[in-house]
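Engineer: One structure, as structure tokens, below. Some questions next.
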Amino acid sequence: MTEAIALDSKEIWEIFHPRTLNSAKLLEIAQKTNALAAEVEQDWEELPEERRKLLTTLAYAGIEPPPGIQWKLRHFIDRLFAVGMLLKDFNACEVYVEASERLLNAIFSGIERENEDYQAALSAALTETSANVESSKAMTAEEAGEWIREISDEASRDI
């Protein structure tokens, strides 16, 4: 188990909604984001339920904001800050985006690992698909990635 990083709910919210045009501040947020991602990657099951729930909610809201004018306004404001930061310091934005993607991947991997129904459905889909591998054609890396995503999506629909 890694040492838990001390971030309160407000700081976690800021990771998902950085509203700054200051490069140093954005890089500081990216550093916190990477530290949280490392914690999630290694210790998702050990995190307190409340923290897992907060991270899950913010991760899903980040990829598909909930309906309602309040969320649409927040999403719009987040995008304005992102454009402003991109124009000011592309490098800081790139570092932040990479850290954010790492954190989202860690959260969704943790969610998938703890869902036994998803794991069973994914295993069944992989077994079924691999049985037909001899009759399939060679794939590019992009095609293989898309194929794996389709298997994962199919497993998600089955649960």
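Derivation of every value follows stated rules applied to the coordinates shown; laboratory data play no part. Note that this is a predicted model, so its numbers are computed, not measured. Every residue, glycine among them, receives a Cβ derived from its backbone with ideal geometry; neighbour counts consider all protein chains shown.
Engineer: As an exercise, use a Förster radius of 30 Å and the Cβ-Cβ distance of residue 140 and residue 83 to find the FRET efficiency, rounded to the nearest 0.05.
Structural biologist: Approximately 0.35, to the nearest 0.05.
Engineer: Could you give the angle, 0 to 90 degrees to the nearest 10, between helix 69-88's Cα long axis and the longest principal axis of the Cα atoms of the chain?
Structural biologist: Approximately 70 degrees, to the nearest 10.
Engineer: Want the number for residue 153 to residue 127: 0.36 nm per residue separation, take away the alpha-carbon distance, what's left?
Structural biologist: 7.9 nm
Engineer: Once you keep just the Cα pairs under 8 angstrom separated by 6 or more residues, what percentage relative contact order results for segment 1-147?
Structural biologist: The value is 34 percent.
Engineer: Could I ask something else about it? Plugging the Kirkwood radius over Cα pairs into Stokes-Einstein for the chain, at a temperature of 25 °C and a viscosity of 0.890 mPa s, what D comes out in µm²/s?
Structural biologist: Here the translational diffusion coefficient equals 138 µm²/s.
Engineer: Further question: Using only DSSP helix segments of four residues or longer, with each worth -39500 (n - 2.57), what per-residue ellipticity at 222 nm results for the chain after dividing by its residue count and rounding to 500?
Structural biologist: One gets -26000 deg cm²/dmol as the mean residue ellipticity at 222 nm.
Engineer: Can you give the charge dipole size of the chain about its Cα centre, rounded to the nearest 20 debye, using +1 on the beta carbon of Lys and Arg and -1 on the beta carbon of Asp and Glu?
Structural biologist: For the chain, the charge dipole is close to 960 debye.
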